[in-house]
Every structure is written in C-alpha cells, then in structure tokens.
Amino acid sequence: MIRIPGDKSISHRALLLSALSFAPSRLEGLLPGEDCRSTAGILRAMGCEIPPLPGDGGPIRIQGVGLRGLRGSGSALDCGNSGTTARLLLGLLSGLGIPAVLTGDASLRRRPMRRVTDPLAEAGARFREEGDPGCLPIRVDGGELEAIHHTSRVASAQVKSALLLAGVGAGAEVDVTEPTASRDHTERMLRRMGVQVQQVGAAPHRVVLPAPPSRLDPLELHVPGDISSAAFLLVLAALGRGSLEIANVGLNPTRTGVLEVLRRMGAHISVESPREMDDPGGEPAGDLVVGGSRLQGTRIGGGEIPSLIDEIPILAVAAARAEGTTEIRDAAELRVKETDRIRALTLNLRAVGVEVEELEDGLVIQGSDHPLQGRIRAFGDHRIAMAFGVLGALPGNSIEVDDRQVVEVSYPGFWEQLREVHRRGTALSGGAGSVSALTPPRPVVTLDGPAASGKSSTAQAVAGALGFRHLDSGALYRAAALALLESDLPADQWVDRGVEAVARRRLELGETEHGFEVLMDGRPVEQEALRSPRVTERVSEVAAIPSIRELILDPLRTAAARGGVVTDGRDMGSVVFPDAQVKVYLTASLPERARRRILQDGGELSAVRIEEEARRLAERDARDRNRAVAPLRRPEGALDVDTTGLDFSGQVQVVVDRVREIWPASGA
Ligand code: S3P
C-alpha cells in the first residue's frame, strides 16, 4: 500500500483558517510541499506562530490569533509558485483591511489576478498593481468591503474561496455563482468552524455566506492524501498493467473527475473502505485500488473539467499511451496555470514522438505504443515534470525531464515514490497473462569488492558486452567534491554543512550513449574538472560524509530506474541497490591484487614490491571493513567471483554469464 502526501488545496485552507481561529487547532497530514510552506511562511510573517510543516505529515498545533489578530508586514509577502496562496490571501487581506504587498516567483507573477481583485474592488477593496497589468506584485491598499456579489466566468475555487475569505475577514455577506461547481474545501472547512455556508445547484453553482462569523472555532483536522498526486501513480499502474493500492486518498466529489475518465478509458479503479475524515462534514476519503488494462482514447470536456483540471497533464500522458484518439476541450484555464499547460503538453509530447494537435482550449492526442524518447522541459511546472516522469518510467520509453526539482511544490518524494513503484513492481502483480510491465526489463548489476579487485574496469567491460550502461558512482562523488571546492564553505564545515552546498548544485546523471554524465545545475560537468588533481585529492574525504552519500543515492537510483546498468563500488549491492537482480562480489588473492595495482600504477613487478603492496592492501582492507561509513562487506545474496586465476576477459565473461543465467532476456 502506497501513501501519498496530503492534499494541497485542503492544506492551504487549513493553515489559513486555523490561523484565524480563536483557539488552538490540531492539523495532521498537511502537505509539506513548497506551496504550503509559502502559505505558512506568510502567516508567520503576519504574526501567527506556525511550527515547521512536518515532512512526514505528522500533527502540528496552531495557536490561532483570532479573526482580527493578523498584522501587516513591512516587507512583501512571497507566495512563491503558489496561485492558491496568492489569490486566497488577496481575498483575506483585503477583507481584513491589512495593507500588504503580495508577490511570487516569475511563473506566479505572470498569472492573472484580476479574476479576484476585480470583484473585490467592486465590493470596495483597493489594490495597486505594481507589476505587469493584472499581475503580482499587488499592493492591498485598504478600503472597506461591503457585501460581495459576484458571478464568475470561470469555475475557480481560488476565486470563490478568495471572496468567501474576504467576507469572513470583513464581516460582509458573500454570494458567488460559478458556471459549475469547483472544489468546495473552503465551504466544508468553514462549516466545521461554525460558519453557515450554503451551496445551491450544480451548474450554475451558487455559494452564499449569509451571516459572516464573529469568530472561527478551532479545527481538528486530518488531511487526506491528494488525489491530484495519486493520479500520477494511478496512470502509471494503469498503463503498466499492474495493480497498485494507494492509501487514504481524498475523494471529494468535486475532485474525482480523473477516476471517471480513467475508468472510461478502461482502467479498473475501485474504492476500498470509503470514509469521511473527521465526520460529520469532513472530507470523503478511501483507499484506491487500480488495475491496468489496455486504455482507450476518450473525450474530456464540458462540466467535468473543473473536477480534473489539475490532472489533465497526466491524463494527456495516459492518452499518449491509449488506443486511438483523445480529445480534451473546454480547458482554456490550463493556459493560465503554473505554465501554459496546453503549450507545454503540446511541445513536450511532440518532443518525445507523440502526435498531438494544439487547440485554443485543449489538445487532440493520438495514442501509440511506439517507444517515446527525448528530453522534455518542465517550464517550472511541477505537474508537467511529474506527468512526463511517469511517461518516462514506462517500459520502452526514455524521457529526460530538465528540471526534476519542481515537484517539491506539491509532491515531495515524487521521484523516490515513482522509483519505488517501479523497483518493487509495487503490488504490481501482473494480472492474468500479463507480466508486470513495470519491472525493469533489464537488470541492475552491482559489482562490489575490495580495492584493486578490478571492479571498475570489469564493470565497464561487462556493460559493453551486454549493451548496458556503466554507472560510475565515483563520478558523483567527484562532482560533490567539486561542488564543495567551488562553494564558499570552509573545509572544516564540509562534514556538518557540506550537504546543503552540494544539494544546491542539483547533481544528476544524464544518459549518454554508453553511460552517464554528471550534470550540475542542469549542465554537464567536464571530465577535466572531475578528474582535476584538486578533486582527486579531496574525493575520498567527501565520499566519507554520510549525508552526502545519502544525497547521492537519489541520482544513482534514478539513473538505474530503467535497469540495464552495471555499477561498481563498495556498497552498491548492499546500500545503494539492495534489490539489484544481479550482485557480484569480486575478489582476488592479495598477491594478485597487489600485482594488478602495481601494473595499474605503471610500476615494475618484483617479488619485493608485490609483497610490500600486498601488505598495504591488507591494511587497507582492514580499514575499509571497519570504517564507520560504507564499510566494505559482501552484499547479501552476492555471487563470489574469485578472479585470481582468470585473465581480464575471463573475469568479464564470468560476470556476463552470471547476468545471462539470472536474466536470460539480457542480450542472450
Ligand atoms: C485550487 C484551485 C484550482 C486548482 C489549483 C488549486 C485551489 O485553481 O487548479 O491547483 O486550491 O483552490 P482555480 O481555482 O484557478 O481553478
């Protein structure tokens, strides 16, 4: 059973509203993503103490400051990438009459805000646009709000919620109508806090706050998992023809359009243990069980769009792998999301080989089962990155995402979870007659062993013989050392704080024809820089820093996620790839290793030298076995290959034979 992070929309609202309560609230399962951190950061800047959002969704207590307790901040309030933070706060701050400047990152500063500020200004609020017309930064400039009556052209929960919060803040009545019902988390939460909110009709949908509250009751809330995040795994499992269980997913009916569409396309999705979180009046949730089958193209449009607006990127990916054509219409709102998602999907689908037509309000996508390959651009948009991450994880495809970091906005741990599903073939039990298609088609081969056992050259040759890629973990440690040398962090702080400096440089492995190249800040690092003497001198020190070893696990595992790699090191089969399909432990007698080391260093062989070198290696073995970080040991389940009597090609052959024995498909 997989668990996914908390619902983003509910988390924002829970933070904002509990800050306004007159008593302490207890919130559990909040999304620790960057968007929610932006909301929490702004509330802190306005005087409400909010503890750090726990990475594991553990509970926090928020001591509300009451409806009038927030104060203005001298500096601009940064909403980061989060449209929900910006729009909800434009409403709340203008309602409360708190002067402030709201701003955000480059993507958010391009997104339209007048859909919120126009109706608020109509009700008496004053704003000053300090950026592009209609965009952040915007100064909330006081004004007295009167009753807010508005009919919105778009079904937008952000608009609706902004107006409701403005009404709550100003003590003004609110009456909003939207063309179809958008997500109603704000309405539900306000009711739980003792506020009367009426919802009338489906299309159009009207929401009324007839009697603004004088105080908000505290919340005791369990945030369910985000269905918008679950959607990525649902599509992965559906297309992979496996089955997967996702625990505790929010199933608010205004959000479940993606389930209907995937079912229509042929996926089997069932809801187990449906429940109401924090009932009565909480959010519906349940465990999802998805089973794949061949998906068919479909039409997506009309009134169902608001219930799946954030899932269109991943539905477009499902469409690219379905049989026939999928047409998505009435989704012009996608053009004003974190990026223009219609454009981004069109460009990226084409870049990997999918036939797609761009429409003003949607896309027409031709499904196929050709291998899809290429590099895609996330355009700073988390959901674009994740959608193509899923497409790239499917067998036969090879897709590189230019910016993987963006997923932090809504789904911290996405890449790890994707890999986990992939690696375990997670509960991906293939159905009748179908092999779990998510099992890597080719194995990961690890070669561990003591110094001078010939791991690295063997790994390279084995990879060559099998047509696999050689994954050289050493290059990443070298890149980490380079990052530290280039940082302004003094060397005596590397152990304690080095990992942050390395993380900032975003180390990744990009695929090349026969192996991988290290990318730093998205750009390949020159071999010359990696092999420079100053790096060589410091690399073993850097590789002994546990937090840096930990950091490097991610790029290593990501590079190997599709299988077909041979990798060598000291803890590859034990720590980095404990589930590798083929593990080899290379050894050779001490004199033999000594002989190889001397030859490798260009020295002359003599009995005395060999003896001397053998002694040095024995000491090194003892040190390596006993060191605290990544000690040398034989990985469980590894095949011992004693290469003492073998020449180099014999040694390579033993490993190649072993791979073919375990995985007959691999180039046999
Ligand atoms: C959200 C509403 C939707 C959605 C966004 C989150 C919310 O935006 O796309 O990701 O939490 O209210 P719109 O209100 O612009 O449709």
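List of remarks:
- Just so you know, in the range 203-227 the residues that are in contact (Cβ under 8 Å) with a residue 60 or more places away in the chain and crowded, with 24+ Cβ neighbours inside 10 Å include one that is farthest from the ligand (Cβ to nearest atom), and it is LEU216.
- For the range 69-83, a residue qualifies if it is surrounded by 14 or more Cβ atoms within 10 Å (Cβ to Cβ), more than 16 Å from the ligand (Cβ to nearest atom) and modelled with pLDDT of 95 or more, and the qualifying residues are GLY69, LEU70, ALA76, LEU77, ASP78.
- Residue match in the range 525-536 (condition: without any contact (Cβ under 8 Å) to a residue 12 or more places away in the chain, more than 30 Å from ILE610 (Cα to Cα) and charged (D, E, K, R)): yes
- Selection from the range 5-26 of residues that are outside any helix (DSSP H, G or I) and either away from the ligand (no atom under 16 Å from the Cβ) or surrounded by fewer than 23 Cβ atoms within 10 Å (Cβ to Cβ) (or both): LEU20, SER21, PHE22, ALA23, PRO24, SER25, ARG26
- Highlighted here are the helices (runs of 4 or more DSSP H) found entirely within the range 442-536 that include at least 3 residues which are assigned by TED's automatic domain parsing to the domain that holds THR644 and farther than 22 Å from ARG620 by Cβ: 455-466.
- Which listed residue, of ALA237, ALA231, is within 36 Å of the chain's Cα centre (by Cα), within 16 Å of the ligand (Cβ to nearest atom) and crowded, with 21+ Cβ neighbours inside 10 Å: ALA231
- Matching residues, the range 334-347, being touching a helix residue (DSSP H, G or I) at 6+ places or on another chain (Cβ under 6 Å) and surrounded by 17 or more Cβ atoms within 10 Å (Cβ to Cβ): LEU334, ARG341, ILE342, ALA344, LEU345
- Helices (runs of 4 or more DSSP H) (entirely within the range 84-202) containing at least 3 residues that are within 16 Å of the ligand (Cβ to nearest atom) and over 24 Å from ARG37 (Cα atoms): 114-122
- Residues in the range 332-349 that are assigned to a helix (DSSP H, G or I), more than 11 Å from the ligand (Cβ to nearest atom) and under 13 Å from ALA385 (Cβ atoms): ALA344, LEU345, ASN348.
- Residue that is nearest to THR644 (Cα to Cα), among those in the range 416-468 that are of a type in the set (Val, Ile, Thr) and at pLDDT below 55: THR439
The values are calculated or read from the model by the stated rules, or taken from the named source; none is laboratory data. Computed from a predicted structure; not experimentally measured. A quick note on method: Cβ atoms are made from the backbone with ideal geometry, for glycine too, and the neighbour counts reach across all protein chains shown.
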